[in-house]
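Below: one structure, written as structure tokens.
The values are calculated or read from the model by the stated rules, or taken from the named source; none is laboratory data. Here the structure is a predicted model, which means the values were calculated and not measured. Cβ: placed from backbone, ideal geometry, glycine included. Neighbour counts: every protein chain shown.
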Amino acid sequence: MDASLQASNGPPRTARRMIDSVQRIGSPLARALDGTLAREAMVLSVGGEQIEVEVERQERPRGGCQGYWHCPRSDRRCCHLYVLHGAVACRLCHGPLDYRSRHTLHPALIKAAKIRRRIGAGHVLSAIPKRPPRWRRDYWERLIRELAANERVIADMLGATLRAVKRQKARLDGRR
């Protein structure tokens, strides 16, 4: 069977590694232990290996201060470092690491899926179960209204996509 005709198991997955799946080292202290804004080197222990990382601290324009790491690979100043396969580096040096929110198709899809999970309904377009007796009627009806509104947005998006495909097909058929 042609690979393009096989059933898929959900939306296409990105080959990029996401930030939330990698161990993160938070921002360094804004002030050194002695209370100064000095630039210093810190030694991090990662997987039994000692890694020296430079810390830079700056005063902020409206008061306070901010600590930054210097990436061991690129010497780029960053707020967070990430540990991947025993290596410590910034998000750009690791591949780059990407944010999951950049790969969300549409907020209505996520909201509808969350509501369906909450009420115990299956996937989109599956039947909605009866209201559990322990749930208040007004709460149940509000969830169903939200679900209907989000699925209406999804249906409109699918309709627009279908119309665009039909226009494109008609344009291609007209050329032949």
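Quick notes on this one:
- Within segment 88-112, being without any contact (Cβ under 8 Å) to a residue 40 or more places away in the chain and outside any helix (DSSP H, G or I) holds for A89, C90, L92, C93, T104.
- Within segment 130-176, considering residues that are exposed (fewer than 11 other Cβ atoms within 10 Å of the Cβ) and part of a loop (DSSP other than H, G, I, E, B), the one farthest from the chain's Cα centre (by Cα): R176
- Every residue from segment 93-129 that is within 26 Å of G48 (Cβ to Cβ) and not small (G, A, S): C93, H94, L97
- Every listed requirement among (1) over 28 Å from the mean Cα position of the chain (by Cα); (2) under 30 Å from I144 (Cα atoms) is met by E59 save one, (2).
- Odd one out for V55, checked against (1) among the β-branched types (V, I, T); (2) in contact with a Gly (Cβ under 9 Å, 6 or more places away or on another chain); (3) without any contact (Cβ under 8 Å) to a residue 40 or more places away in the chain; (4) closer than 26 Å to R16 by Cβ: (4)
- Residue count, segment 58-80 (criterion: surrounded by 12 or more Cβ atoms within 10 Å (Cβ to Cβ), free of Cβ contacts under 8 Å to residues at least 40 places away in the same chain and small (G, A, S)): 1
- Residues in segment 113-124 that are surrounded by 13 or more Cβ atoms within 10 Å (Cβ to Cβ) and assigned to a loop (DSSP other than H, G, I, E, B) were compared, and the one that is nearest to the chain's Cα centre (by Cα) is V124.
Yes or no, residue by residue, for (1) aliphatic (A, V, I, L, M); (2) not assigned by TED's automatic domain parsing to the domain that holds E56:
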position	(1), (2)
R77	no, no
H85	no, no
P96	no, yes
A108	yes, yes
A112	yes, yes
R116	no, yes
I119	yes, yes
V124	yes, yes
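- Set side by side, the residues A87, A108 differ, and just one is surrounded by fewer than 19 Cβ atoms within 10 Å (Cβ to Cβ) and in contact with a Pro (Cβ under 9 Å, 6 or more places away or on another chain), which is A87.
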